[in-house]
Amino acid sequence: MSKNKNSMNRNTPSLQTAAEAGRDKKKQIEERISGEYKHGWVTDIEEERILPGLNEDVIRLISKKKNEPDWMLEWRLQAYRHWLTMKEPRWAAIEYSKIDYQTITYYSAPKRENQPKSLDEVDPELLRTYQRLGIPLQEQKLLAGVATDMVFDSVSVATTFQKELEEMGIIFCSFNEAIRNHPDLIKKYIGSVVPYNDNFFAALNSAVFSDGSFCYIPEGVQCPVDLSTYFRINAMNIGQFERTLIIAEKGSYVSYLEGCSAPIRDENQLHAAVVELIALEDAEIKYSTIQNWYPGDKYGLGGIYNFVTKRGWCKGRNSKLSWTQVETGSSITWKYPSCILEGENSIGEFYSVAVATNYQQADTGTKMIHIGKNTRSKIISKGISARHGRNTYRGLVKILESARNAKNYSRCDSLMIGDNCSANTFPTIDVRNTTATTEHEAYTGKVGEEQLFYLMSRGISEEEAISLIVTGFCADIIRKLPLEFSVEAVRLIETMMVLPESVG
Amino acid sequence: MTEKREPLFRFEDVYVAVEDKEIVKGVNLIINTGEKHAIMGPNGSGKSSLAHALMGHPNYSITKGKIFIRGEDITNLKPNERAQKGLFLGMQYPIAIPGVTVVNFLRTAIKSLPNGEERLKTFRKDLKLHCKALGIDESFATRYVNDGFSGGEKKRLEILQFALLKPSIALLDETDSGLDIDALQIVSNGINQLCGKDNAILMITHYQRILNYVKPDFVHVFIGGKFVRTGGPELAFELEKRGYEWLEKETGISAGVNE
């Protein structure tokens, strides 16, 4: 391990610029041909974990490890007791073997005596892990203009940029810190958008969540950098249950980036997160995700089970929420980032690219709940299926009686590569008043022979032609991402587009 | 006509089938550098099928015969490999690739050709130059390939690719269809400028119209999946005047084949 340290450092760029990405072309092609998961290494680091299994004692232990106040523990226990009465949902178009919740470890943390005060105190091995992930740190971070809250397994390791943000009154810290330092905000907002009894996986998360990110933007403040969190699952047999809570006060703005990856394991690992967003009057939150959890191997072995509840609340007038997601990882994705449009004139947006290849299954979409007058929502979903992948869009547009003049536009496109994959679309539109307008468009197609021939007749190889067609198919969504993220997204999608069946 | 060197492009006794139906029934042609050839034939004679087969379209299978570029057999190569050997097909119905910008597409194509990286160095300059020559607005480069293009714009993009990819043998399938007279003139001028002593073109056309602007050295009449006559440019004029029927009668071959 130590022998590699130097070369590892040199070869670990930050999130790349477009130019750098071009230089990596050769590497890309190699990756495309092998089609292998890039982030599949394990960090050799001492960790502290508790025994597998779930009961009230485990929850008390987690809470104690975190030095949590009693009210937090009570909330967890309430959630746990409710969870015991719930059934795992099985309505999604996904198939997976039964999850035994008693074999999962609910807490794991890099072992250390004291919490680090700065990056210098963070275990160098851990920092290298993040460098390998391509996360910008320190100077790189300044250049990239990204502040990162790193969540490694269950503990938030270090938060950078905090000082600068503090001066503006912005709070960006781990969830645990927020519980200790900003209890009033947590008490007020935790579970306000996703109640602990909302669904099976949200209840589980509420009981055992280990850490996550908290972000508070005060009135009138425009957050000057993209706030970013990188999640990574490292330990074996652990579930990662993080929570994110973002509050944008009146007239404020924040763009938040979330990236995820996990090492290669033969076992399936559970990830059940909860994200809550609250936008008050005239506030705007942009939430971008690149989800690249380990998708399992080409035979469908291993991979992350990703059951996530993400919901935003446009509470104030003229508020705006926008979800942009690029879902390329996980063996199973069950995720419906949604917007509750309560404030008058509020806007909800959902832009999504979901790729399912090999034996991946993605059941994802959104819910737009229109409550306030003149609320608007826009849904653009692009699903790509290849090999044996199964991709499902599931969406609900609900316009209540109170939502006079509400408007929705939905577009759900599916692209299939090869003959063994599938694409499903389940849009539901429920309109309760006559002044509302909804518009729905959908397209399902296969990567066309004529398109391939056209590109290939210009000298472009089949793999590269497929990559072009696929990235073109989701170009409109990728353009919604901040630059560094869009470069990474294109690279990820290209990496996944190895030769289809025709090669064998 | 030339020394004993291998001709630039040659195909021998080529048969083409589409879904088991024989469309092209044994054709031969030799094209040397610096030459302009035209294949003329009525609708449904199999001209386009021949062009697609020469470029390697998977649905047009060559059931017999061989194709050579500079003596090298390319009959079993993939379309991209043929392109890398210097073959190009300007298509009659260019297809849209939504989300892929013209500039990104052109760069990717050039990069995949021999000396691609080297050639990319002058890409910006070349693009600007040829856009101007073809009367293409520069904003064209940021549009998606053929997506929402008019017929004329599609054909200009085909010729722009001919200009930038610099193939040694360009097959131009019905380049004049969909062009009004002004556009036809611009596109024809473009083609004339691109023809030199190191490359050659093979135009495929139903009408003689484009041949007024791009003068062929040889005209081959293609009816019923076969070449029935070869001549100079005067043959094109004769066909324009008299139609294809007299040749069908004379040769006893009818054009009743599906394109």
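The values are calculated or read from the model by the stated rules, or taken from the named source; none is laboratory data. Quick caveat: nothing in here was measured; it's all calculated off a predicted structure. No Cβ is skipped: glycine too gets one built from the backbone with ideal geometry, and neighbour counts run over all protein chains shown.
At-a-glance table
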quantity: Subset of the range B:114-157 (residues that are among the aromatic types (Phe, Trp, Tyr) and surrounded by 17 or more Cβ atoms within 10 Å (Cβ to Cβ)); calculated: B:140, B:144, B:149
quantity: From the options A:434, A:392, residue that is free of Cβ contacts under 8 Å to residues at least 12 places away in the same chain, more than 14 Å from chain B (Cβ to nearest Cβ) and out of contact with any Lys or Arg (no Cβ under 6 Å at 6 or more places or on another chain); calculated: A:434
quantity: Unmet criterion (only one of (1) within 14 Å of another protein chain (Cβ to nearest Cβ); (2) surrounded by 21 or more Cβ atoms within 10 Å (Cβ to Cβ); (3) over 30 Å from residue B:114 (Cβ atoms)) for residue A:467; calculated: (3)
quantity: The range A:287-304, subset over 24 Å from residue A:200 (Cβ atoms) and surrounded by 22 or more Cβ atoms within 10 Å (Cβ to Cβ), residue modelled with the highest pLDDT; calculated: A:288
quantity: Subset tally (residues that are under 15 Å from the mean Cα position of the chain (by Cα) and within 14 Å of another protein chain (Cβ to nearest Cβ)) for the range B:24-65; calculated: 9
quantity: Residue in the range B:178-198 that is modelled with pLDDT of 90 or more, surrounded by fewer than 20 Cβ atoms within 10 Å (Cβ to Cβ) and within 20 Å of residue B:109 (Cα to Cα) present; calculated: yes
quantity: Subset tally (residues that are more than 13 Å from residue A:370 (Cα to Cα) and more than 24 Å from the chain's Cα centre (by Cα)) for the range A:380-406; calculated: 0
quantity: Near pairs, Cβ below 6 angstrom, 6+ apart or cross-chain, from the range A:437-452 (within 14 Å of another protein chain (Cβ to nearest Cβ)) to any residue that is assigned to a loop (DSSP other than H, G, I, E, B); calculated: A:450/B:95; A:451/B:95
quantity: Selection within the range A:278-304 - in contact (Cβ under 8 Å) with a residue 60 or more places away in the chain, farther than 20 Å from residue A:353 by Cβ and assigned to a strand (DSSP E or B); calculated: A:278, A:279
quantity: Tally of residues being closer than 20 Å to residue A:199 by Cα and of a type in the set (Val, Ile, Thr) across the range A:288-346; calculated: 6
quantity: Selection within the range B:156-198 - within 14 Å of chain A (Cβ to nearest Cβ) and assigned to a loop (DSSP other than H, G, I, E, B); calculated: B:166, B:167, B:168
quantity: Residue count for the range A:191-204, restricted to those that are assigned to a loop (DSSP other than H, G, I, E, B), closer than 18 Å to residue A:337 by Cβ and in contact (Cβ under 8 Å) with a residue 24 or more places away in the chain; calculated: 6
quantity: Evaluation of residue A:487 against (1) at the interface with another protein chain (Cβ under 10 Å from one of its Cβ atoms); (2) touching a helix residue (DSSP H, G or I) at 6+ places or on another chain (Cβ under 9 Å); (3) in contact (Cβ under 8 Å) with a residue 24 or more places away in the chain; (4) of a type outside the set (S, T, N, Q) (one fails), failing number; calculated: (1)
quantity: Subset of the range A:407-431 [over 24 Å from the mean Cα position of the chain (by Cα) and within 14 Å of another protein chain (Cβ to nearest Cβ)]; calculated: none
quantity: Which numbered condition residue A:330 misses (of (1) in a strand (DSSP E or B); (2) without any contact (Cβ under 8 Å) to a residue 60 or more places away in the chain; (3) touching a Pro at 6+ places or on another chain (Cβ under 8 Å)); calculated: (1)
quantity: Hey, residue B:93 closer than 22 Å to residue B:175 by Cα, within 14 Å of another protein chain (Cβ to nearest Cβ) and in contact with a His (Cβ under 7 Å, 6 or more places away or on another chain) or not; calculated: no
quantity: Selected residue [charged (D, E, K, R) and at the interface with chain A (Cβ under 7 Å from one of its Cβ atoms)] from B:128, B:78, B:132, B:85; calculated: B:78
quantity: Total residues in the range A:305-327, condition surrounded by fewer than 24 Cβ atoms within 10 Å (Cβ to Cβ) and not in a strand (DSSP E or B); calculated: 4
quantity: The lone exception for residue B:234 - which of (1) closer than 25 Å to residue B:248 by Cβ; (2) in a loop (DSSP other than H, G, I, E, B) it fails; calculated: (2)
quantity: Every residue from the range B:70-84 that is surrounded by fewer than 22 Cβ atoms within 10 Å (Cβ to Cβ), at negative phi and touching a residue at least 60 places away in the same chain (Cβ under 8 Å); calculated: none
quantity: Residue within the range B:101-122 that is within 8 Å of another protein chain (Cβ to nearest Cβ), in contact (Cβ under 8 Å) with a residue 40 or more places away in the chain and under 20 Å from residue B:202 (Cα atoms) present; calculated: no
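Here's the yes/no breakdown for (1) touching a Gly at 6+ places or on another chain (Cβ under 7 Å); (2) hydroxyl-bearing (Ser, Thr, Tyr); (3) more than 26 Å from residue B:23 (Cβ to Cβ):
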{"site": "B:121", "(1), (2), (3)": "no, no, yes"}
{"site": "B:147", "(1), (2), (3)": "no, no, yes"}
{"site": "B:150", "(1), (2), (3)": "no, yes, yes"}
{"site": "B:167", "(1), (2), (3)": "yes, no, no"}
{"site": "B:219", "(1), (2), (3)": "yes, no, no"}
